[in-house]
Amino acid sequence: MQFESLAADLQNWLKTSIEQGHGRDALVQSMRAAGYQRNFAREAVEVALAKFAPAGGAGETAQEEPTPLDTTTILAQSPNSIETSDRKVDILFALNAPRIVLFGGLLSDEECDELITLSRRKLTRSSVVNAETGAYDVHPDRTSSGTHFERGENELIRRIESRIAELVGCPVERGEPIQILHYKPGAEYKPHFDFFDPAYPGNEKVLAMGGQRIATLVMYLNDVVAGGSTVFPEVGLDVLPRRGNAVYFAYTTEDGQLDRRTLHGGSPVAEGEKWIATKWLRQRDYGGPGV
Ligand code: PD2
Ligand code: ZN
């Protein structure tokens, strides 16, 4: 494709957007949102970047921006499942803005049970990153306990990490280690963002390890008797925990900003207990603790 063969208004828009510093992924997503086909959008962005991206800019970074799961495509084509190499995963709903997808049957019952069994004896109280100091603090907003598995730690973890990478289109290397969380009755995680606000000094260190978080996958490992839903108060959405299901949400808007509509929390468990496994995805390869 030649840049000059594109419609004049599209040429102008691409040139201006690149000069304003918008990256590959944001440009493709904007074009997709405007109704262009995915392959056309990608090719148009490539030829425009080749022409206008400054050296070391969006077109020439060592690592391409990842392409997290494209909800607009799911909505447009209405597939009701995605075939990965080893498992068919259902799509139970897809919301475009903010980008939230509920997967059915991402994990088998056996995989859920095994994750719980391997974690039960190594749980410690969960912490949160203090945005002012960078320390990991125990905080009343987060009353779960948890543990993690190093990336690729065993066959089960490798299998699940490969499946996730295939499903959401983000390389395994950009994933943080899988975290396991356990909530007893009354335990919760009050509404928060999973991305790190770059305005706070304490977040500098976590941002240096693979850049910003771009998306979260919360996998439910058991059925909770009552409560324990994942809530998105900005959009009035409550995702109920069901063993094997997983909610995915991505927090980059079409114009490359952090999407504050992804505010979310884990509501208090009213009865029973709740186990989840969480995978956070980064902009670049993640080399922080636990890898
Ligand atoms: O437990 C949850 O459903 C939940 C909700 C929101 C977990 C997290 N965030 C998290 O660990 O970040
Ligand atoms: Zn969260």
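Peptide packing: for 233-246, 262-275, the average count of neighbouring Cβ atoms within 10 Å per residue gives the ranking 262-275, 233-246, highest mean first. Ranking VAL172, VAL224 from most to least accessible surface, computed with a 1.4 Å probe over the protein chains only, gives VAL172, VAL224. Note on the chain: percent of Cα-Cα distances in each 10 Å bin, starting at 0 and stopping at the bin with the largest distance, equals 6, 27, 35, 22, 8, 2, 0. Give me the net charge for the shell around GLU188: Cβ to Cβ below 12 angstrom, other residues only, Lys and Arg +1, Asp and Glu -1. Local net charge: +3. Checking every one of the GluC sites (Glu not before Pro) in segment 94-191 against DSSP loop status and a limit of 14 other Cβ atoms within 10 Å picks out GLU132, GLU150. Overall, the chain carries a charge dipole of about 340 debye about its Cα centre when +1 sits on the Cβ of Lys and Arg and -1 on the Cβ of Asp and Glu, all other atoms neutral.
Note on the chain: GNM, Cα springs under 10 Å; of LYS190, LYS279, LYS122, the largest mean-square fluctuation is that of LYS122. Which of LYS122/LYS190; LYS88/LYS274; LYS122/LYS279 have a Cα-Cα distance over 20 Å? Listed pairs above 20 Å: LYS122/LYS190; LYS88/LYS274. Taking a ≥ b ≥ c as the square roots of the eigenvalues of the Cα gyration tensor, segment 71-167 is classed as oblate, since a/c reaches at least 1.5 and a/b does not exceed b/c. For the chain, the membrane-span-like helices by this rule, meaning whole DSSP H stretches whose C-alpha atoms cover at least 18 Å of axis and whose Kyte-Doolittle mean is 0.0 or above, are 38-52, 155-168; this says nothing about an actual membrane. Accessible surface computed residue by residue for segment 152-289, with neighbouring protein chains in place and a 1.4 Å probe, gives 39 Å² per residue. Computed over the chain, relative contact order equals 21 percent, with contacts defined as Cα pairs under 8 Å that lie 6+ residues apart.
Counting each DSSP H run of 4 or more residues in the chain as -39500 (n - 2.57), what helix-only mean residue ellipticity at 222 nm follows after dividing by all residues, to the nearest 500 deg cm²/dmol?
That comes out to -7500 deg cm²/dmol.
Dividing the alpha-carbon radius of gyration of segment 179-277 by the rule-of-thumb value 2.2 N^0.38 Å gives 1.15. The portion of the accessible surface of the chain made up by carbon and sulfur, rounded to a whole percent, is 49 (1.4 Å probe; DNA, RNA and ligands excluded).
The values are calculated or read from the model by the stated rules, or taken from the named source; none is laboratory data. The shown structure was predicted, so the numbers you read here are calculated from the model rather than taken from an experiment. Backbone-built Cβ (ideal geometry, glycine too); neighbour counts: all protein chains shown. Remember, those area values only see protein heavy atoms, side chains included, never the ligands or the DNA or RNA. Shrake-Rupley method; radii C 1.70, N 1.55, O 1.52, S 1.80 Å.
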